[in-house]
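The values are calculated or read from the model by the stated rules, or taken from the named source; none is laboratory data. Because the structure is a prediction, the values reported are computed rather than measured. Ideal geometry is used to build each Cβ from the backbone, glycine not excepted, and the neighbour counts take in all protein chains shown. What goes into the accessible areas is simple: the full protein's heavy atoms, side chains included, and nothing from ligands, DNA or RNA. Shrake-Rupley method; radii C 1.70, N 1.55, O 1.52, S 1.80 Å.
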Amino acid sequence: LNEATFRRCTSLTSVTMPRKIGNIRSYVFQDCTSLTTVVFQDMDTPVSTGNYTFDGCTKLQTVETPLYLIGIASFRNCVSLKGLDLPDKVTIIQATAFQNCQSIEKMVLPVSLRTIGDSAFIDCVAMDSVISNVEKPFAFGKDAFKGISDKCVLIVPYGKKADYIAAGWTEEVFKGGIKEMPEPEGIHSVKVKIYIHDGRKVRME
């Protein structure tokens with residue numbers, strides 16, 4: 001798809017992407033104000049959105065996507081978007097990517113994520129929970145979460161709360177508090193004692 005291929009196609013209601021779509025360039029669906037659903041078929045490789053790809057798609061509700069990079073303002077002003085299932089391939093969410101997505105209540109950040117740009121989630125007023133699977137927290141961009149719900153809770157991996165706070169993920173940003181996921185079940189460590197006599201192992205416990 002070339003840049004702005006379907007820009008301002010106000011009668012377009014749904015899109016199914018073919019397997020070999022490649023990367024989606026900038027402005028392709030900008031201001032398609034009747035578009036409600038975008039479905040990506042099983043892709044051969046993950047794709048990225050360009051800048052402003054779905055900007056202004058005010059009725060867009062559902063996107064099933066194998067994205068690895070979300071471009072600048074890709075979903076800006078998608079005021080009906082209730083959520084986006086980000087796969088574990090996503091590494092970058094660029095600036096203003098979800099600005100003014102007023103209907104998103106929950107965002108799950110995949111373990112692969114490495115960058116959140118300036119104002120990425122600014123004015124997502126309904127966002128009341130952010131679940132982050134990132135094991136090594138990083139500093140997010142300026143105003144990335146400004147204007148989210150005052151009740152927004154940040155949930156982080158077990159044992160990582162202090163690391164997140166040190167990286168700037170504080171209760172000043174997530175006013176609903178910061179919680180850790182439950183401790184994983186199963187065996188976490190084993191201590192073994194080996195007794196040696198005359199250079200031979202005689203007992204282990």
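Couple of notes before you dig in:
- Condition check for PHE54: of a type outside the set (Val, Ile, Thr), in a loop (DSSP other than H, G, I, E, B) and out of contact with any Lys or Arg (no Cβ under 9 Å at 6 or more places or on another chain): no
- Total residues in the range 79-112, condition part of a loop (DSSP other than H, G, I, E, B) and closer than 20 Å to ILE131 by Cβ: 21
- Set VAL108, VAL90, VAL130, VAL134: member being within 29 Å of GLU180 (Cβ to Cβ), under 13 Å from the mean Cα position of the chain (by Cα), open to solvent by 40 Å² or more (accessible area, probe 1.4 Å) and of a type in the set (Val, Ile, Thr): VAL108
- Enumeration of residues in the range 83-122 that are among the aliphatic types (A, V, I, L, M) and touching a Pro at 6+ places or on another chain (Cβ under 8 Å): LEU86, VAL90
- Condition check for VAL130: modelled with pLDDT of 95 or more and in contact with a Cys (Cβ under 9 Å, 6 or more places away or on another chain): yes
- Selection of the range 12-42 for residues being in contact with a Gly (Cβ under 6 Å, 6 or more places away or on another chain) and among the hydroxyl-bearing types (Ser, Thr, Tyr) yields only SER26.
- Residues located in the range 140-171, provided they are small (Gly, Ala, Ser) and closer than 26 Å to ASN77 by Cβ: GLY141, ALA144, GLY147, SER149
- Residue that is farthest from PHE121 (Cα to Cα) [pool: residues in the range 163-200 that are open to solvent by less than 90 Å² (accessible area, probe 1.4 Å) and at pLDDT below 80]: GLY199
- Complete set of residues in the range 144-162 that are surrounded by 13 or more Cβ atoms within 10 Å (Cβ to Cβ) and outside any loop (DSSP other than H, G, I, E, B): VAL153, LEU154, ILE155, VAL156, LYS161
- Residue count, the range 37-78 (criterion: open to solvent by 40 Å² or more (accessible area, probe 1.4 Å) and over 25 Å from GLU135 (Cβ atoms)): 15
- Note on the range 145-183: residues that are in contact (Cβ under 8 Å) with a residue 24 or more places away in the chain, in contact with a helix residue (DSSP H, G or I) (Cβ under 9 Å, 6 or more places away or on another chain) and acidic (Asp, Glu) amount to 1.
- Residue count for the range 5-20, restricted to those that are of a type outside the set (D, E, K, R) and surrounded by 15 or more Cβ atoms within 10 Å (Cβ to Cβ): 5
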